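So the structure is just underneath, and the comments pick up after that.
The values are calculated or read from the model by the stated rules, or taken from the named source; none is laboratory data. It should be emphasised that the depicted structure is a prediction, and the values quoted were computed from it without experimental measurement. Here the Cβ positions follow ideal geometry from the backbone for every residue, glycine too, while neighbour counts run over all protein chains shown.
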Amino acid sequence: MLAVWNKPKAELKPLNSEIYQTLQPLLSDALTFHSLQPGRLIAGDYRVAAQLSVQGSEKLLMDEMLRVSHGSTLLRMLGQDSPQQIPLDERLLLGPFELDGNKILVTKPLGIEEQVDREQLEAESTRARILTLLVGSGLLAVLLGIWLIRPIRRMILAMREVADGSATPELKRLPKRGDEIGELARALSQGAIDLATSRDAQRRLLSDVSHELRSPMARMQVALDLTETDEQDPNWQQLRRDTERLSVIIERILSLSRLENGLVDLNHESLDSGELVQQLINDMCYQHPQVRERLLRDGSNWPVIDTDPELLRLVLENIVRNALHYTEDNVELSCDDYGKSCHIRIRDHGPGVDESTISKLFVPFYRGDPARHHKAGVGLGLALSHRAAAVLGGELKAHNHSEGGLEVVLDLPKSQPEQKE
């Protein structure tokens, strides 16, 4: 529609003098002039297109074909004060020629000069249409951007706010719109409120469960300590082990829940990663002297990093304990410094893990094959480490080492990310 609206119109031009000199003598005779009817040949290729007679009552006659396609142009030409010419399709419209108040219009086939003018006009028309289409498309794109793209971008930002824990994402006036975008914005706003309510309820439940589970376990352990029985009694030893195991399971589940719900406050501290790893090794060797020869630390490339020491220790300790439980071979700890980040590597020299199960190692409660690994835990250690690494701004990955064994890599930034409120 814009292209049609912007199509250049053919313009009226003064009548060519040669044409005027050819037709004027023929049209000066009153008898000849009044005998002319639309469609009649005058001379050569000149043919009458329209006739306006004022004798008696005013009467207007037009060539039927021209009336249908160019009726408005014929009327405009009849209203001119002096003879003009204008191209109409394959012909040239001439006039008006006037005698005693009567007027006629004449057509003739386009000559070479008129054909050139027509081709130029069509070229201008094509350029005008292309320009109009480009401008119109640009305007349409801007309107679509204002009406559709901007609201979508606003909702994307709102979704990120919801993901960060906001119950009132900034949607501006989108929920007030009456279209599908407004409906989607209202659903997003209500969803944010529901998620916040669920998250608060989950945190309260976590706090209550933490208290309700820990207290009975503590009383059971105290009761076992106060029970007068032979510590060599296998039933007492089994009960003791099961109580301690259950206590560890509860603590790990609660720790994982706290991490998942963002209830852990990070403690910024600059520390030597090598010293932290060495202290971890010393503590584990003190608790289990039999692993002293199996834990090996590479002494180079341990950078000073800004992170939470307790959370980082939790990540590394769970990985190391997992490696010690699943293999009887050595466990090596090393680090690669990459400037803004570092890779802490924990590698064992065991048989490795099936490629099909590596992606499941960080899934909560995944235990691999308990029949082959009788000392396997409940499958929470690596899951807890994986989530804790994400809280620290890092990433935990596992793969089979090219020289044998499983290697777990902690990709950790050397500066701790800012904690979100």
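All conditions but one from (1) in a strand (DSSP E or B); (2) modelled with pLDDT under 85 apply to Leu26; the one that does not is (1).
Give Leu139, Leu133, Leu174 a once-over and let me know the one that is more than 30 Å from Met65 (Cβ to Cβ) and exposed (fewer than 13 other Cβ atoms within 10 Å of the Cβ). If you could, list the steps in order and put the result at the bottom.
Numbers: Leu133 fails: exposed (fewer than 13 other Cβ atoms within 10 Å of the Cβ); Leu174 fails: exposed (fewer than 13 other Cβ atoms within 10 Å of the Cβ).
Checking each option against the conditions leaves just Leu139.
Out of Leu312, Leu295, which single residue is closer than 27 Å to Gly352 by Cβ, surrounded by 15 or more Cβ atoms within 10 Å (Cβ to Cβ) and touching a residue at least 60 places away in the same chain (Cβ under 8 Å)?
Details: Leu295 fails: touching a residue at least 60 places away in the same chain (Cβ under 8 Å).
It is Leu312.
Of the residues making up the range 325-349, those that are in contact with a helix residue (DSSP H, G or I) (Cβ under 6 Å, 6 or more places away or on another chain) and among the hydrophobic types (A, V, I, L, M, F, W, C) are Val331, Leu333, Ile346. Looking across the range 52-74, the residues that are under 60 Å from the mean Cα position of the chain (by Cα) and exposed (fewer than 15 other Cβ atoms within 10 Å of the Cβ) come down to Met65, Val68, Ser69, Gly71, Ser72. Counting only residues that are among the aliphatic types (A, V, I, L, M) and assigned to a strand (DSSP E or B), the range 292-323 holds 4 of them. Filtering the range 145-180 to residues that are over 18 Å from the mean Cα position of the chain (by Cα) and either farther than 21 Å from Asp200 by Cβ or outside any loop (DSSP other than H, G, I, E, B) (or both) leaves Lys172, Arg173, Leu174, Pro175, Lys176, Arg177, Gly178, Asp179, Glu180. Here Glu122 does not fit the description of being at pLDDT below 85, part of a helix (DSSP H, G or I) and closer than 30 Å to Ser35 by Cβ.
Considering only residues that are part of a loop (DSSP other than H, G, I, E, B) and either touching a residue at least 40 places away in the same chain (Cβ under 8 Å) or on the phi > 0 side of the Ramachandran plot (or both), which ones fall in the range 64-98?
Restricting attention to the range 64-98, the residues satisfying the condition of being part of a loop (DSSP other than H, G, I, E, B) are 79-83, 89-90.
Scanning the range 64-98 gives Gln80, Ser82, Pro83, Asp89.
The conditions of being more than 15 Å from Asn16 (Cβ to Cβ), basic (Lys, Arg) and at pLDDT below 90 are met by Arg153.
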